[in-house]
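Asker: I am attaching a structure below and will ask some questions about it afterwards.
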Amino acid sequence: MDVTVTEADYLKFIYRKQVEDGYKIGNKMVSDFFDVHPATTTEMLQKLDERGLLKYERYYGVKFTDYGVVIAKKLLRKHRLLEILLANFFKYDIEVACEEASKLDFYVSDNLVNSICRTYGHPKTCLHNRIIFRDKKCCGSKPTRVDKMK
């Protein structure tokens, strides 16, 4: 995966909001979320466009490229499986697990994430009931759903 930590954060946010939640993504929404100046957001969106991850059109927002979708799903898979590990093994509150996963997800290897996936029976959804994307290298038993902590 050839993206920076900041690029990864933008891709995860945009994927969640646009693809999963159905919002039209514009500069203001992204700037507000990251608490950065709109010009900073514009620069990042242009950079992601240049790198072939997004299509950015000023005043019209962004759309994912096929490559951008692959990278975003890979990042979100890592994040969501880390959430499960942190909540179930370390007994973190769901929101704290999410915050901590956000600090780690970029850095963990595919091998570690696949081990977490296998350990928890190949869950289909995370604790926030979002899809955990499949990895062809992580084969095994029938996927299961991980319920929210009580």
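Asker: Which residue fluctuates the most in the chain, going by a Gaussian network model with Cα springs under 10 Å, if the choices are Cys117, Cys138, Cys98?
Answerer: Cys138
Asker: Suppose R0 equals 22 Å. What FRET efficiency, 1/(1 + (r/R0)^6) with r the Cβ-Cβ distance, do Tyr23 and Ser109 give to the nearest 0.05?
Answerer: Once rounded, the FRET efficiency stands at 0.10.
Asker: Per residue, how many Å² of accessible area does the chain show with a 1.4 Å probe?
Answerer: Dividing the accessible area of the chain by its residue count gives 58 Å².
Asker: Quick one: length gained pulling His128 to Ile94 fully straight, 0.36 nm per residue minus the C-alpha distance?
Answerer: Working it through step by step, the gained length comes to 11.4 nm.
Asker: What's the magnitude of the charge dipole for region 60-132 around its Cα centre, counting Lys and Arg as +1 and Asp and Glu as -1 at the beta-carbon? Answer in Debye, nearest 20.
Answerer: With only Lys, Arg, Asp and Glu charged at Cβ, the dipole is about 280 debye.
Asker: Just to check, using Stokes-Einstein with a Kirkwood Rh over alpha carbon pairs, what's the diffusion coefficient of the chain at 37 °C and 0.692 mPa s in µm²/s?
Answerer: D, rounded to a whole number, is 205 µm²/s.
Asker: Roughly how big is region 34-83's charge dipole about its Cα centre, with Cβ charges of +1 (Lys, Arg) and -1 (Asp, Glu), in debye to the nearest 20?
Answerer: So the magnitude is around 300 debye.
Asker: With each label point set 7 Å from Cα along the Cα-Cβ vector, what nm distance links Ser102 and Thr119?
Answerer: Spacing of the two 7 Å Cα→Cβ label points: 2.3 nm.
Asker: Now, a different point. Just list whichever of Lys63/Lys91; Lys63/Lys137; Lys24/Lys137; Lys55/Lys136; Lys28/Lys137; Lys28/Lys136 have alpha carbons separated by over 30 Å in the model shown.
Answerer: Distance filter (> 30 Å) returns Lys63/Lys91; Lys24/Lys137; Lys28/Lys137; Lys28/Lys136.
Asker: Per-residue ellipticity at 222 nm for the chain, helices alone: DSSP H runs ≥ 4 residues times -39500 (n - 2.57), over residue total, nearest 500 deg cm²/dmol?
Answerer: Counting only the DSSP helices, I get -15500 deg cm²/dmol.
Asker: To the nearest 10 degrees, how steeply does helix 66-88 sit against the main Cα axis of the chain, on a 0 to 90 scale?
Answerer: That helix lies at roughly 40 degrees to the long axis.
Asker: Could you check how much of the accessible area of the chain is carbon and sulfur, as a whole percent, using a 1.4 Å probe?
Answerer: Of all accessible area on the chain, carbon and sulfur atoms account for 54 percent.
Asker: State to the nearest 20 debye the size of the charge dipole of the chain about its Cα centre, where the only charges are +1 on K and R beta carbons and -1 on D and E beta carbons.
Answerer: That gives the chain a dipole magnitude of about 780 debye.
The values are calculated or read from the model by the stated rules, or taken from the named source; none is laboratory data. Here the structure is a predicted model, which means the values were calculated and not measured. Neighbour counts are summed over all protein chains in view; Cβ atoms, including those assigned to glycine, are modelled from backbone coordinates with ideal geometry. The accessibility values were calculated without ligands, DNA or RNA, using every heavy atom of the protein model including side chains. Shrake-Rupley method; radii C 1.70, N 1.55, O 1.52, S 1.80 Å.
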